[in-house]
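Asks: There's a structure below that I have some questions on.
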Amino acid sequence: MEKLKFLETMTVNEFKAQKGVNKIEVKQNPHTGKCFFVYGCETGAVSDKFLNGGVTAPVISQVCSPDTGDMFYMLHQKGEGGAMTVATL
């Protein structure tokens, strides 16, 4: 599987405003143990690092799978995605 292609990244508040929702819930599938997030009646993926406390500065990105072409939203740690953050202004 190739790396995901990050198309757009936004803060959680920007995402909520864009989607017109006032909350995002992170849930865990009891059968697989994987987490996902719910906004309105839609869902998105959550980084595997979330359960280990590895998501301390969450952001949401629209990503594309190069293998399938599927596009989806993913909640992950700021700075993940292949580009190192060199400054925050």
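Please treat every number below as a calculation from the coordinates, not as lab data. Every value quoted in this text rests on a predicted model; they were computed, and no experiment measured them. Every residue, glycine among them, receives a Cβ derived from its backbone with ideal geometry; neighbour counts consider all protein chains shown.
Asks: As an exercise, use a Förster radius of 25 Å and the Cβ-Cβ distance of Gln28 and Gln77 to find the FRET efficiency, rounded to the nearest 0.05.
Replies: Given R0 = 25 Å and the Cβ-Cβ separation, E is 0.90.
Asks: Ok, one more. Could you give P(r) for segment 1-73, binned at 10 Å from zero, as whole percent values over all Cα-Cα pairs?
Replies: All Cα pairs considered, the percentages come to 18, 49, 32, 1.
Asks: Straight distance only, please: which lysines reach the Cα of Lys78 with their own Cα at less than 17 Å, same-chain residues fewer than 8 apart left out?
Replies: Lys3, Lys5, Lys16, Lys49
Asks: Within segment 3-20, list the residues whose amide N lies under 18 Å from a label point set 7 Å along Cα→Cβ of Ala57.
Replies: Answer for segment 3-20: 8-15.
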